[in-house]
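What follows is a set of notes on a single structure, which appears directly below.
The values are calculated or read from the model by the stated rules, or taken from the named source; none is laboratory data. These numbers come from a predicted model, not from an experiment. Every residue, glycine as well, gets a Cβ built from its backbone with ideal geometry; the counts of neighbours run over all protein chains shown. What goes into the accessible areas is simple: the full protein's heavy atoms, side chains included, and nothing from ligands, DNA or RNA. Shrake-Rupley method; radii C 1.70, N 1.55, O 1.52, S 1.80 Å.
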Amino acid sequence: MVAVVADSAANLPGELARELGIEIVPMYLKFGERVYRDGTDLTPRDFYERLGRDREPASTSVPSPGDFLEAYRRTGQREILCVTVASSMSSSFQQASFAAERFEGKVEVLDSRSASMAEGFVAAEAARAAASGASLERVVGRAREVAARTRLLATVATFEFLRRSGRVTKLQAYAATMLDIKPVFEFRDGEAVPVARTRTRRRALAQIEGDTIRDAGAGPLHLAVIHAAAEEEACELLDRIAASAQVVEHLVTEVTPVIGTHTGPGLVGTAFYRD
């Protein structure tokens, strides 16, 4: 049987990852001199409390080739698909590829060209194909198919954490704050692309809702609503979309600290694809 491995930026809920047999490789988060394993050593509540009070910004790093190699071996399989966060924003793909060269079996490393549950859906569908007895070639083919069709839309509550992480400049963050802009981004082909510049949080969430429903069309929709310390808004968004679209799979999941480091609390978005 083909095994599936993914880095923790996929934001797969632990229960779903265990159900599908997906091996998760944690990224790393650093506060001062202390290093935490993403999604393992720090609860979201503790993380955001510390993120808000610490003067020194948190930093992130990717798993080493050794971390990936250990994960490959833990699967107990000789054929593996490893799904990573977009290579345009992380060296996770490169580290996983280095590990693949050292593995005793065969590993295909796939750049999801996205993050969070847009990456998670790729790994999940690959694992479902593997569970049906598909060959490595067919598992990889299914993963590529889902990666090409999955979209990720999101809005943030503040530009402050994007500024701290270097994703936007201080001037850009200041201008957006002064103009009270609530942007909506799409993660497209490995890059965050602005799709709307709304003036209120309500309009930003409505934009995400409308774009998700429009793109879903009449087909069966696989939907994840992601959030960072904004579960109530995320659940409300899921309910509104589900009332207008043919949702066949849905979940609400909180992003792991490695992603929350760059967005701060208040992130809400959708990751979805249509059958």
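When you check residue 115 against the structure, is it within 16 Å of residue 5 (Cα to Cα), of a type in the set (Gly, Ala, Ser) and at pLDDT 95 or above, yes or no?
no
If we keep just the residues of segment 255-275 that are at pLDDT below 95 and aliphatic (A, V, I, L, M), which is farthest from residue 204 (Cα to Cα)? Looking at residues that are at pLDDT below 95 and aliphatic (A, V, I, L, M), I get 258.
For residue 248, indicate whether it is under 19 Å from residue 122 (Cβ atoms), in contact with a strand residue (DSSP E or B) (Cβ under 7 Å, 6 or more places away or on another chain), among the β-branched types (Val, Ile, Thr) and open to solvent by 50 Å² or more (accessible area, probe 1.4 Å). Yes: the conditions hold for residue 248. Screening residue 7 on (1) loosely packed, with under 14 Cβ neighbours inside 10 Å; (2) of a type in the set (D, E, K, R); (3) within 20 Å of residue 152 (Cβ to Cβ) shows it passes everything except condition (1).
Only one of the listed residues (26, 44) is farther than 22 Å from residue 92 by Cα, crowded, with 17+ Cβ neighbours inside 10 Å and under 17 Å from the mean Cα position of the chain (by Cα). That residue is 44.
Here is a yes/no grid of residues against (1) in a loop (DSSP other than H, G, I, E, B); (2) over 19 Å from residue 190 (Cβ atoms); (3) of a type in the set (Asp, Glu):
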site	(1), (2), (3)
76	yes, yes, no
82	no, no, no
86	yes, no, no
96	no, no, no
107	no, yes, no
118	no, no, no
141	no, yes, no
147	no, no, no
158	yes, yes, no
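Looking across segment 119-144, the residues that are out of contact with any helix residue (DSSP H, G or I) (no Cβ under 8 Å at 6 or more places or on another chain) and either under 15 Å from residue 77 (Cα atoms) or of a type outside the set (Ser, Thr, Tyr) (or both) come down to 133, 135, 136, 137, 141, 144. Mind checking which residues of segment 208-267 are out of contact with any Gly (no Cβ under 6 Å at 6 or more places or on another chain), touching a residue at least 60 places away in the same chain (Cβ under 8 Å), in a loop (DSSP other than H, G, I, E, B) and over 21 Å from residue 193 (Cβ atoms)? 229, 265 - these are the residues of segment 208-267 that are out of contact with any Gly (no Cβ under 6 Å at 6 or more places or on another chain), touching a residue at least 60 places away in the same chain (Cβ under 8 Å), in a loop (DSSP other than H, G, I, E, B) and over 21 Å from residue 193 (Cβ atoms).
Criterion first (of a type in the set (Gly, Ala, Ser), touching a strand residue (DSSP E or B) at 6+ places or on another chain (Cβ under 9 Å) and not in a loop (DSSP other than H, G, I, E, B)) does residue 6 satisfy it?
yes
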